[in-house]
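Just below is one structure, and these are the notes that go with it.
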Amino acid sequence: QVQLVESGGGLVQPGGSLRLSCAASGSIRSINAMGWYRQAPGKQRELVAAITTARTNYADSVKGRFTISRDNAKNTVYLQMNSLKPEDTAVYYCMMTITLGVVTTGPRYDYWGQGTQVTVSS
């Protein structure tokens, strides 16, 4: 029973910044991967950024403006969003691949946050 709770969304003007956070709680052995997705009205959900122990990757539309990071001790993933544009307006969802229990061989599942609204408008 893992729960992901997101925070940090809101309304900002173009050129502004926001930092999203997503914290996982429960019987967590390890978090193998973390990511942020977004879905705008009338569009499909798309991957914004992802992070593993080895690498990060970003959608072309956010490269140079967004930064994903993780804090393993806090079971938390962040998305720093700078130079925001109106086209960044969407509901943002975090996702984590988590190994449950007390051993590394425990079951592994994908979990999703509840979503947080980001609106960029003048």
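Find the centroid of the Cα atoms in region 58-122 and in region 1-35, then give the distance between the two in whole Å.
Value for the Cα centre distance between the two parts: 5 Å.
In terms of solvent-accessible area of protein heavy atoms at a 1.4 angstrom probe, what is the ranking of ASP88, ASP110, ASP60, highest value first?
Working: ASP88 0, ASP110 100, ASP60 125 Å².
The ranking, largest first, comes out as ASP60, ASP110, ASP88.
Would you list, by chain and number, the aspartates and glutamates whose Cα falls below 18 Å from the Cα of LYS85, excluding same-chain residues fewer than 8 positions away?
Reachable aspartates and glutamates: GLU46, ASP60.
Of all alpha-carbon pairs in the chain, indicate the percentage at a distance above 24 angstrom. It would help to have the intermediate numbers written out before the result.
On the way: 1837 of 7381 pairs.
Pairs farther apart than 24 Å: 25 percent.
Which one of VAL103, VAL77, VAL91 has the biggest mean-square fluctuation once the chain is modelled by GNM with Cα springs under 10 Å?
Largest GNM mean-square fluctuation: VAL103.
Over the chain, with a Gaussian network built from C-alpha contacts below 10 Å, which listed residue (SER21, SER61, SER69) shows the highest mean-square fluctuation?
Ranking SER21, SER61, SER69 by mean-square fluctuation puts SER61 first.
Which residue, chosen from THR116, THR99, GLY64, occupies the Cα position most advanced towards the positive end of the dipole of the chain, where the dipole is computed from +1 (Lys, Arg) and -1 (Asp, Glu) charges on Cβ about the Cα centre?
Among THR116, THR99, GLY64, the one farthest towards the positive end of the dipole of the chain is THR99.
The values are calculated or read from the model by the stated rules, or taken from the named source; none is laboratory data. Owing to the predicted nature of the structure, the values given are computational and were not obtained by experimental measurement. Backbone-built Cβ (ideal geometry, glycine too); neighbour counts: all protein chains shown. Quick note on the areas: whole protein, heavy atoms, side chains included, nothing else; ligands and nucleic acids left out. Shrake-Rupley method; radii C 1.70, N 1.55, O 1.52, S 1.80 Å.
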